[in-house]
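Read-outs: derived from the displayed coordinates by stated rules, not from any lab. Not measured: the values here are computed from a predicted model. We place every Cβ from the backbone using ideal geometry, glycine too, and count neighbours over all the protein chains shown.
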Amino acid sequence: MSSDLKKYNCSKIAVKPKMVDKGYLKRIGKGKYAVNGNMEFERPIYSLLAGKINRILEETGLRYFISGLDVLLKYMQHVPDNFPVMLFVDKYSKDEIGGILLQNQITIIDYDEIKKGSIFSKLNILNEFAIIYKTENLDYSTDGFATRERAFVDLYYEVTRREYPVSIQELVRIYVNITSAGALDKKLLIKIGSLRGIHYDIRFIVESKHINKAAFDFVNMIGGVRSNDLIL
């Protein structure tokens, strides 16, 4: 989709407030809305496994979305041969979805069962698998895939908290590439970060270019003082 906004008058199209809340539309005036130029409604480039999972589940009518790398692949510099598919499902449908995937010979890992330990270092013997995350919030997704903003927040969380097999350097490249392309709504990114409980991380990343270097030095010094148990 072009970055130019396509304008609509509400007299010609029924506009639901939820579409504005989710970032699909922007309010540009009284009774006027615009398609958010940072949103992609077409499906992203994704792995073969993610494609297979989506084809299976889209016929069931169950609520789910695929997130993480499968939405962000085209913004990567070094694409891994294999990586875990991040599958978010309605918490009431988790068992049913898991059963359907197992019947189709897809290896699944229940996030809840192993969240107390390191997930990924213990699963490197598996070539392809999907991790199922149950959630109450399936917003910020369409046609079975997360928006870029949701995908980045989910990926950032797993890389920085759960040792997902992507380097911080590659995560940075993804962020730089996606923002350079003008393909990220930063306000929406912060909002979704709040939903995942990493509001401070995401706001810091988004606003980092506006922060004076002295502030970074100051924060690093605070960390050094704390680690050495010094008293100011």
In percent, what relative contact order does region 48-209 have, based on Cα pairs under 8 Å that are 6 or more apart in sequence? 27 percent
In this structure, among 52/74; 134/191; 52/94; 187/209; 94/186; 74/186, pairs with alpha-carbon gaps over 22 Å are 94/186
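Would you tally the net charge around residue 207, using a Cβ to Cβ cut-off of less than 15 Å, leaving residue 207 out, and scoring K and R as +1, D and E as -1?
Values: positive: 186, 187, 191, 203, 209, 213; negative: 185, 201.
That sum, taken over residues with Cβ under 15 Å, equals +4.
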Taking the C-alpha atoms of region 166-215, how large are the radius of gyration and the largest Cα-Cα span, Dmax, in Å? 11.5, 30
Using modelled backbone amide H atoms (1.01 Å from N, in-plane), which distant-in-sequence or interchain residues come within less than 5 Å of residue 142's amide H? 147
Pull out a ≥ b ≥ c, the square roots of the eigenvalues of the alpha-carbon gyration tensor of region 135-178, then state rounded if a/c is under 1.5, prolate if not and a/b is larger than b/c, and oblate in the remaining case. oblate
For residue 172 and residue 56 in one chain, what is 0.36 nm times their gap in residues minus the Cα-Cα distance, to one decimal in nm? 38.5 nm
Starting from the 7 Å offset along Cα-to-Cβ, what nm value, one decimal, do you get for the label separation of residue 143 and residue 113? 3.3 nm
